[in-house]
1. So which of 70, 10 ends up being free of Cβ contacts under 8 Å to residues at least 40 places away in the same chain, charged (D, E, K, R) and either out of contact with any Asp or Glu (no Cβ under 8 Å at 6 or more places or on another chain) or part of a helix (DSSP H, G or I) (or both)?
2. Let me confirm something: among 68, 50, 39, which residue is touching a Phe, Trp or Tyr at 6+ places or on another chain (Cβ under 7 Å) and hydrophobic (A, V, I, L, M, F, W, C)?
3. Please work out if residue 89 is touching a strand residue (DSSP E or B) at 6+ places or on another chain (Cβ under 7 Å), exposed (fewer than 13 other Cβ atoms within 10 Å of the Cβ) and in contact (Cβ under 8 Å) with a residue 40 or more places away in the chain.
4. Restricting the range 36-65 to residues that are among the hydroxyl-bearing types (Ser, Thr, Tyr) and part of a loop (DSSP other than H, G, I, E, B), which is modelled with the lowest pLDDT?
5. Taking only the range 17-32 into account, find how many residues are out of contact with any helix residue (DSSP H, G or I) (no Cβ under 8 Å at 6 or more places or on another chain) and touching a residue at least 24 places away in the same chain (Cβ under 8 Å).
6. Among the residues of the range 41-53, is there at least one that is surrounded by 12 or more Cβ atoms within 10 Å (Cβ to Cβ), within 17 Å of residue 96 (Cβ to Cβ) and aromatic (Phe, Trp, Tyr)?
7. May I ask you to list the residues in the range 28-40 that are surrounded by fewer than 16 Cβ atoms within 10 Å (Cβ to Cβ), under 11 Å from the mean Cα position of the chain (by Cα) and not basic (Lys, Arg)?
8. Within the range 82-97, which residues are at positive phi and in a strand (DSSP E or B)?
Amino acid sequence: MIEITLDSKRAEVKIGDTELHLCPKEYGILEMLIRYQGVVVSREALLRKVWDLPRTAGLKTRTIDQYVARMRRKMRAMNPAAAGAIRTVCNKGYKFVVTPNA
């Protein structure tokens, strides 16, 4: 199993024993996905929570896609399997899923 830990007091994420360096918005997205692990979180919900907006206020939901793609690249560079923990659910959003190695 891939070990991904989040320390909300320090705003740090680790893959195994190595810190994953994320910008604040990336951290916010990952924190929300981990909090609702296994549940689909919509792009709109991520925008409202991470950007602290009452509604999407003209921001495009594709903004989230760009941040997720960047997070996956960073995760893949550390551990190729880690990038698969963030799953895209077509026309719905994203969910965080860590599965045991086969």
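1. Checking each option against the conditions leaves just 10.
2. Working: 50 fails: touching a Phe, Trp or Tyr at 6+ places or on another chain (Cβ under 7 Å); 39 fails: touching a Phe, Trp or Tyr at 6+ places or on another chain (Cβ under 7 Å).
Criteria check complete, one pass: 68.
3. yes
4. My answer is 56.
5. Result for the range 17-32: 1.
6. No, the conditions are met nowhere in the range 41-53.
7. 36, 37 - these are the residues of the range 28-40 that are surrounded by fewer than 16 Cβ atoms within 10 Å (Cβ to Cβ), under 11 Å from the mean Cα position of the chain (by Cα) and not basic (Lys, Arg).
8. Of all residues in the range 82-97, those at positive phi come to 91, 93.
The answer is 93, and nothing else.
The values are calculated or read from the model by the stated rules, or taken from the named source; none is laboratory data. Remember, it's a predicted structure, so these values are computed and weren't measured experimentally. Note that each Cβ is placed from the backbone with ideal geometry, even for glycine, and that neighbours are counted across all protein chains shown.
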